[in-house]
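Note sheet for the following structure.
The values are calculated or read from the model by the stated rules, or taken from the named source; none is laboratory data. From a predicted model like this one, the values you see are computed outputs, not experimental measurements. Ideal geometry is used to build each Cβ from the backbone, glycine not excepted, and the neighbour counts take in all protein chains shown.
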Amino acid sequence: MNPKVKNIYEALSSYIYHIGNNIPQIVHESVKKKMMNYYSEPYIVDEMQWNLACCGASAAGDWFTILRASHLPYPFSCCPKKSFSICELPYPTSCTEAVLNVFEKYKLKITLYVSMMIVMEVIGIVYAIYFTLKSRKQKIIVIN
């Protein structure tokens with residue numbers, strides 16, 4: 001194998017491995033960030049919690065500090081019913097866990113899609129290099 005190709009392969013493998021190991025942390029931080037912006041964009045978190053049947057980034061208790069000013073224990077989207085009443089029994093599943101479950105469910109499809117995209121990119125790069133080298137070898141004749 002060409003040493004340059006081997007180095008690129010090793011770098012990509014290392015990057016993918018690093019990202020793969022940090023997905024739970026990345027998801028948790030993303031959910032927490034959306035929760036912190038709840039007052040400006042409540043619909044994003046509400047839809048996520050209703051659709052995934054989850055509450056909070058780690059647990060429902062994550063909402064205590066965020067909703068302190070509103071005197072509500074949880075947002076109404078933490079409860080199974082789509083009612084706008086006070087939520088007293090929130091979903092037991094954290095949203096981080098729920099999102100990771102969705103990733104796990106579609107992991108094979110996501111992996112195949114990303115792999116196909118990488119193969120297409122490599123083919124495109126190979127063709128670009130081939131045509132660049134081919135055009136350099138041809139002489140351009142200018143007719144006056």
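So that you can scan it fast, the table gives a plain yes or no per residue for (1) farther than 18 Å from residue 79 by Cβ; (2) of a type in the set (D, E, K, R):
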position: 21; (1), (2): yes, no
position: 24; (1), (2): yes, no
position: 36; (1), (2): yes, no
position: 39; (1), (2): yes, no
position: 48; (1), (2): no, no
position: 54; (1), (2): no, no
position: 68; (1), (2): yes, yes
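Looking at this structure, is residue 95 touching a Cys at 6+ places or on another chain (Cβ under 7 Å) and at pLDDT below 90?
no
Would it be correct to say that residue 128 is under 26 Å from the mean Cα position of the chain (by Cα) and either of a type outside the set (Asp, Glu) or within 25 Å of residue 27 (Cα to Cα) (or both)?
So residue 128 does not fit the description; no.
What pairs come out if I take residues in the range 25-46 that are in contact (Cβ under 8 Å) with a residue 24 or more places away in the chain and pair them with residues that are surrounded by 13 or more Cβ atoms within 10 Å (Cβ to Cβ) and charged (D, E, K, R) whose C-beta lies under 7 Å away, six or more apart or interchain?
From the range 25-46, the pairs are 35/62; 45/34.
Here are the criteria: (1) at pLDDT below 90; (2) outside any helix (DSSP H, G or I). Tell me which single one residue 5 does not satisfy.
Evaluating residue 5 over (1) at pLDDT below 90; (2) outside any helix (DSSP H, G or I) leaves (2) as the failure.
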